[in-house]
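The values are calculated or read from the model by the stated rules, or taken from the named source; none is laboratory data. Owing to the predicted nature of the structure, the values given are computational and were not obtained by experimental measurement. Here the Cβ positions follow ideal geometry from the backbone for every residue, glycine too, while neighbour counts run over all protein chains shown. What goes into the accessible areas is simple: the full protein's heavy atoms, side chains included, and nothing from ligands, DNA or RNA. Shrake-Rupley method; radii C 1.70, N 1.55, O 1.52, S 1.80 Å.
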Protein chains: 2
Amino acid sequence: MSGDRETITLAEARELALAALTRHGCDKANAEAVASVMLAAEADRAESHGLFRLPGYVASLKSGKVDGRAKPAVSRPAPGIVRVDGKLGFAPLAIEMGRAPLVEAARSQGVAALALVRIHHFAALWPEVEALAAHGLAALACTCATPMVAPAGGTKPFFGTNPLAFAFPRHDAPPVVFDQASAAMARGDVTIHAREGKPVPPGTGVGPDGQPTTDPAEVLKGAQLPFGGYKGSNIALMIELLAGALIGEVFSPESGRSGPADGGPPVGGELIIALDPERFGAGTWGERVESFLAEMLEQPGVRLPGARRHLNRAETGETGVYVPRALLAEIRDLAGVG
Amino acid sequence: MSGDRETITLAEARELALAALTRHGCDKANAEAVASVMLAAEADRAESHGLFRLPGYVASLKSGKVDGRAKPAVSRPAPGIVRVDGKLGFAPLAIEMGRAPLVEAARSQGVAALALVRIHHFAALWPEVEALAAHGLAALACTCATPMVAPAGGTKPFFGTNPLAFAFPRHDAPPVVFDQASAAMARGDVTIHAREGKPVPPGTGVGPDGQPTTDPAEVLKGAQLPFGGYKGSNIALMIELLAGALIGEVFSPESGRSGPADGGPPVGGELIIALDPERFGAGTWGERVESFLAEMLEQPGVRLPGARRHLNRAETGETGVYVPRALLAEIRDLAGVG
């Protein structure tokens, strides 16, 4: 696109990511799992979860916080629960290893959960719910980490940006899927506003003095606010209890007090719930979902969540991706090439 | 309180509700189940789900839409799924009958779901999730019905107000619990604003012309808006897919096109998911939740969701409830007394 970017193919991007990760301590299985989710985001032009994350992944390998050779352990504490101990590695390999048992459990039990503990999650959540929708399952996922968001009524960071992701399968079409922070604005977007000197909308956050501000630099020093006031705050609280308390993992404030602040992902947990429409007696759900969505999209201005990413995905296999030159130089350096 | 209200005990209120329901066609089991959730709301001073609902319940019995003698049928289509066919009766008896099998399923499977179909739900959702938390389970519940809310970007009613309720158990304390519409404002509150001639906040809804308005009467003729913009809209969409498509029930637009508009509850479905912390390996979750909540409440201005209702509940057993005289006269008339 613009002159400060360079076009590379997805295959080139993947090779760079693999080289950088293995060079800094990942084994093949972990490097491939991490690269896959990073490249999936890049392919969807969800840049803030694409190659942009690679320096953070590498930083947390360098600091020794994350074990790039972790071998996650899968167990089945109950018929409807798959538990994966990530052994303090990155999340993607743990999620991959839990997926097949989760799909099997959801199909046999009707509903099943994947509890991921001792992982370092640094990616979007839509890859895991989309992968389950590809198996015909509805799926929810949530995770909490690193306090950045004040509870409704408060002014100090306490919740993580606590994303909730959801996917519902469709016949012959990509799933309905969303993945949204319970913060009013994603952390990355606040950072980008700060870098570009652009004000953020009212309601995004408060400064260190606890006063509302539209200055993103002040928000980064103070606290972000939840989306939709107390209702978004309740969603954030729910996610702390599900991805923290329920599965025996840390809450965001605890996560924030642990491990080096190396710019990489903190330790924490994730909960994924998968539900099988075929076992619920959903009948002709495929056709019914299509007519429902068609009626929804009759309203001008209404969009299907995830649709933009899926359109991008269909393009980038051909066009490649446009990576900022400064980032690409950094990544080539990390990969020991060019 | 004020002169236009009368104090009655909860026992008196319950007798009135039972009399009105049985007089208009409910059998004992249905009348008691409906009265219990209505009185639970009244006891918590959640008036809009208390006796205020009784005329609507009766209207839907009178119109013949709801079968007051429905005998819900419980089945177990999968180890993790309890399904209750409400046989076109009110929801409360169906929920009661599904509860024990759901608790058993959640404990044995780790996670389980209750799919309620062919019910008429006219109550808050917190009674069902609080009841599960009382058994030591985390629980989510959602339902959709009657199009009232425009999808983000749109201007016409499509989603129901689609509430999401959540409860997480605590040791020696009422659960953490919320129950929130995915509309920016609850329908009842818009109605009350209209009756009192008070403007609603910007973002509550649009008029029939599709333009934003703070006139509640225009919003009632037009469409409500979701809370928190597209994120609340996504939550509403998720609820349509879970409480509609997944369990083979109607979506809100379909619900709105079915049955007489008698002022009572439309037909629809509800999904409840229950998760057992003990099976997830949550360890000492009870203590950890307490210290987490204590840290959250250290911030001035932060409140625990559900806490106000639980305080009210502790009072109303002694004080009784203050019912508007006009409503009380109507209810006594429906009950054939006074």
Residue-wise, which Karplus ³J(HN,Hα) couplings in Hz belong to region B:319-335, taking 6.51 cos²θ - 1.76 cosθ + 1.60, θ = phi - 60°, and x for glycine or proline? 8, x, 10, 9, 9, x, 4, 5, 5, 4, 4, 4, 5, 4, 5, 4, 7
Have a look at region A:93-123 and report residues whose accessible surface goes down by 20 Å² or more when the remaining protein chains are included, against the chain on its own, probe 1.4 Å, ligands and DNA/RNA excluded. A:Q109, A:V111, A:A113
Where the centroid of each part is defined by its Cα atoms, how far is region A:266-338 from region A:1-75 in Å? 18
Just going by the charge dipole of chain A, with Lys and Arg at +1 and Asp and Glu at -1 on Cβ, which of A:A106, A:G269, A:G197 is farthest out on the positive end? A:G269
To the nearest 100 Å², how much accessible surface do chains B and A hide from each other in total, with a 1.4 Å probe? 5900
In whole percent, how big is the carbon plus sulfur part of the accessible area of chain A, probe 1.4 Å, protein atoms only? 55
Shielding score for B:278-289, defined as the mean number of other chain Cβ atoms within 10 Å: 6
Area accessible to solvent at A:S233, 1.4 Å probe radius, in Å²: 10
Leaving ligands, DNA and RNA out of it, work out the accessible area of B:W285 with a 1.4 Å probe and give it in Å² to the nearest 10. 10
Gyration tensor (alpha-carbon) shape descriptor, chain B, a/c threshold 1.5: rounded
Just the accessible area per residue of the protein assembly as shown, please: how many Å² with a 1.4 Å probe? 37
For A:A186, label point 7 Å along C-beta direction: distances to other copies, nm: 3.4
Which residue, A:F158, A:F292, A:F168, tops the fluctuation ranking in a GNM of chain A built on C-alpha contacts under 10 Å? A:F292
Picking from B:D172, B:D189, B:D209, which is most flexible by a Gaussian network model of chain B using Cα springs under 10 Å? B:D172
Ordering B:L16, B:L311, B:L116 by the accessible surface of their heavy atoms, 1.4 Å probe, largest first, yields B:L311, B:L16, B:L116
Taking a threshold of 19 Å on the Cα-Cα distance, which of the pairs B:K65/B:K87; A:K62/A:K156; A:K198/B:K231 fall above it? A:K62/A:K156; A:K198/B:K231
Placing the label point 7 Å from Cα along the Cα-to-Cβ direction, what are the distances from B:S258 to the equivalent spots in the other copies, shortest first, in nm to one decimal? 4.7
Taking Lys and Arg as +1 and Asp and Glu as -1, residues besides B:I331 with C-beta under 12 Å from its C-beta add up to -1
Among B:77-87, B:295-305, how do they line up by average Cβ neighbours within 10 Å per residue, starting with the highest? B:77-87, B:295-305
Of B:F251, A:I239, A:A29, whose Cα points farthest to the positive end of the dipole of the protein assembly as shown (charges on the beta-carbon: +1 Lys, Arg; -1 Asp, Glu; origin at the Cα centre)? A:A29
Proximal charge balance of B:K231 [Cβ under 11 Å; K/R count +1, D/E count -1]: 0
For the rotation bringing A onto B, which A residue has its Cβ nearest the axis, and at how many Å? A:G228, 1
Return a whole-number percent for the relative contact order of chain A, with Cα pairs under 8 Å and 6 or more residues apart as the contact set. 23
Roughly speaking, what is the centre-to-centre gap between region B:82-98 and region A:166-233 when only Cα atoms are used, to the nearest Å? 40
I'd like the mean, over residues of B:159-166, of how many other protein chain beta carbons sit within 10 Å of each residue's own Cβ. 2
Per residue of B:75-83, other chain Cβ atoms within 10 Å number on average 6
Can you show me the helix-derived [θ] at 222 nm for chain B, built from DSSP H runs with n ≥ 4 at -39,500 (n - 2.57) apiece and divided by the number of residues, rounded to the nearest 500. -12000 deg cm²/dmol
To one decimal in nm, how far is A:P324 from the same spot in the other copies, if labels go 7 Å from Cα toward Cβ? Please give the shortest first. 5.6
Loop-resident sites, region B:49-155, for chymotrypsin sites (Phe, Trp or Tyr not before Pro), counting at most 16 other Cβ within 10 Å (DSSP): none
